[in-house]
1. Report M113's accessible area, 1.4 Å probe, all protein chains in place, as a number in Å² to the nearest 10.
2. In whole Hz, what ³J(HN,Hα) sequence does the stretch 82-90 give by Karplus (6.51, -1.76, 1.60; θ = phi - 60°), x for Gly and Pro?
3. If one takes the longest principal axis of the Cα atoms in the chain, at what angle in degrees, from 0 to 90 and to the nearest 10, does the Cα axis of helix 41-50 lie?
4. Among A100, A22, A118, which one shows the highest mean-square fluctuation when the chain is modelled as a Gaussian network with alpha-carbon springs under 10 Å?
5. Taking a ≥ b ≥ c as the square roots of the Cα gyration tensor eigenvalues, with a/c under 1.5 meaning rounded and otherwise prolate when a/b beats b/c, else oblate, which class fits the stretch 30-87?
6. Which of the listed residues, L103, P121, M62, is farthest toward the dipole's positive end in the chain, when Lys, Arg count +1 and Asp, Glu count -1 at the beta-carbon?
7. Classify the stretch 41-128 as rounded, prolate or oblate from the Cα gyration tensor: take a ≥ b ≥ c as the square roots of its eigenvalues, call it rounded if a/c is under 1.5, otherwise prolate when a/b beats b/c and oblate if not.
8. Kindly sort S9, S58, S31 by accessible area of their heavy atoms, largest first, with the probe set to 1.4 Å.
Amino acid sequence: MPAGDPFSSAEHAALDATIRRAEQLCRMEFSIFVGNAEGEPRDFATSLHNTLVAPSRSILVMVDPTRRVLEIVTGAYVRRTLTDREVELAALHMQQDFAAGDLAGGLRRGIEMLAEHARPPRTLHAQA
């Protein structure tokens, strides 16, 4: 594990696979930042989110383990299907795993929950 990297190679691979599955499920983009937030954590997370390729269709999960802070920023398009309550629920589950010492597992579980809730509703098309 590289110095300062909180994840093993296996954890990196599992996170990458989780992100790929999540993006396929909901057709949104996921980004993770784990490190020291500069200044106010929410402002820092928002500024990171704004630099993404498609911020409107993106979900950013920012974790500052030193300050014990979690921020989730969603774009305008994402908020059409993902409510603040659903984000809060995913955050609570992630924080439980973080408190138990499982940073990678918490991120995976949170991303899976966010993707499931962000998925557009399934519709049945009837032929006329």
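1. 40
2. Once θ is set to phi - 60°, the couplings for the stretch 82-90 become 10, 8, 4, 5, 5, 5, 4, 4, 4 Hz.
3. 50
4. The residue with the greatest mean-square fluctuation here is A100.
5. prolate
6. Most positive-ward Cα: P121.
7. oblate
8. Putting S9, S58, S31 in descending order of accessible area: S9, S31, S58.
The values are calculated or read from the model by the stated rules, or taken from the named source; none is laboratory data. From a predicted model like this one, the values you see are computed outputs, not experimental measurements. Reconstructed Cβ throughout: ideal geometry from the backbone, glycine too, with neighbour counts over all protein chains shown. Ligands, DNA and RNA are excluded from the accessible area calculation, which covers all protein heavy atoms including side chains. Shrake-Rupley method; radii C 1.70, N 1.55, O 1.52, S 1.80 Å.
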